[in-house]
Amino acid sequence: MSQTKTNTKRRKRTPLLIGLVLIIAVVVVGGAMMAGGGRNTKTIAISPVPTVTEDVQQSLAAFRGKVVILDFWATWCGPCRMEIPSFIALQNKYREQGLEVIGVSIDPIAPRGNPGGAPAVAPFMQSNGINYSIWMVNKPTALRGFDVSQGIPTTYVLDRSGQIVRTYIGVKPQSVFESDINSLL
């Protein structure tokens with residue numbers, strides 16, 4: 001098969017895969033809402049697939065009252081991948097005390113030439129045992145209020161009222177985040 005035909009098939013499959021991921025996310029989120037009676041019960045169901053958000057700021061409203069680690073990352077980013085085990089450990093250790101780790105994948109808006117993309121996020125989550133919420137953004141405007149122009153990972157620590165108290169660019173050890181968490185919980 002020629003390279004042109006292969007590329008054409010890939011371009012046709014990508015929207016289908018993105019659509020499938022979106023449908024699964026809607027079903028999972030809808031099921032979680034139904035299980036909670038459609039009310040905000042302050043218990044956030046962790047989806048095995050990423051949730052697409054049109055506006056990160058707006059989506060964070062559901063997490064008021066919790067300390068949030070908000071990590072902007074991508075599947076193809078080596079330093080981002082290095083931090084994931086720490087975020088998994090922190091979520092396990094501090095969830096009951098009010099911590100929520102949220103990863104915001106920029107895979108769908110990343111520059112061309114980077115492997116991955118939106119279809120890579122759900123399998124990546126599952127193969128790495130991610131136990132916290134993962135959001136995807138499909139357009140740069142979804143990031144308003146958060147600057148990732150200096151590179152990823154870029155991680156924000158938010159207090160219970162949703163205010164940014166720390167910003168980190170690049171990989172940081174788990175102890176740095178743990179210190180922040182302990183001062184905010």
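The values are calculated or read from the model by the stated rules, or taken from the named source; none is laboratory data. Keep in mind it's a predicted model, so treat the numbers as computed, not measured. Counting neighbours? That spans all protein chains shown, and the Cβs are built from the backbone with ideal geometry, glycine included.
Report the residue count in segment 160-185 for those that are touching a residue at least 60 places away in the same chain (Cβ under 8 Å), under 18 Å from the mean Cα position of the chain (by Cα) and farther than 11 Å from S86 by Cβ.
Residues meeting the conditions: 2.
V148 is checked against (1) over 17 Å from A62 (Cα atoms); (2) of a type in the set (A, V, I, L, M, F, W, C); (3) touching a strand residue (DSSP E or B) at 6+ places or on another chain (Cβ under 6 Å); (4) without any contact (Cβ under 8 Å) to a residue 60 or more places away in the chain and fails just one. What number does that condition carry?
(4)
Could you tell me whether A118 is surrounded by 16 or more Cβ atoms within 10 Å (Cβ to Cβ) and either over 18 Å from Q57 (Cα atoms) or not charged (D, E, K, R) (or both)? Outline the logic, then answer.
Values: surrounded by 16 or more Cβ atoms within 10 Å (Cβ to Cβ): yes; either over 18 Å from Q57 (Cα atoms) or not charged (D, E, K, R) (or both): yes.
Considered against the rule, which asks whether it is surrounded by 16 or more Cβ atoms within 10 Å (Cβ to Cβ) and either over 18 Å from Q57 (Cα atoms) or not charged (D, E, K, R) (or both), A118 comes out as yes.
Suppose we filter G162, G145, G151 for residues that are at pLDDT 95 or above and part of a loop (DSSP other than H, G, I, E, B); which single one remains?
That would be G162, the only listed residue that is at pLDDT 95 or above and part of a loop (DSSP other than H, G, I, E, B).
If you go through segment 90-99 one residue at a time, do you hit one that is over 17 Å from D180 (Cα atoms) and surrounded by 13 or more Cβ atoms within 10 Å (Cβ to Cβ)?
Within segment 90-99, none of the residues are over 17 Å from D180 (Cα atoms) and surrounded by 13 or more Cβ atoms within 10 Å (Cβ to Cβ).
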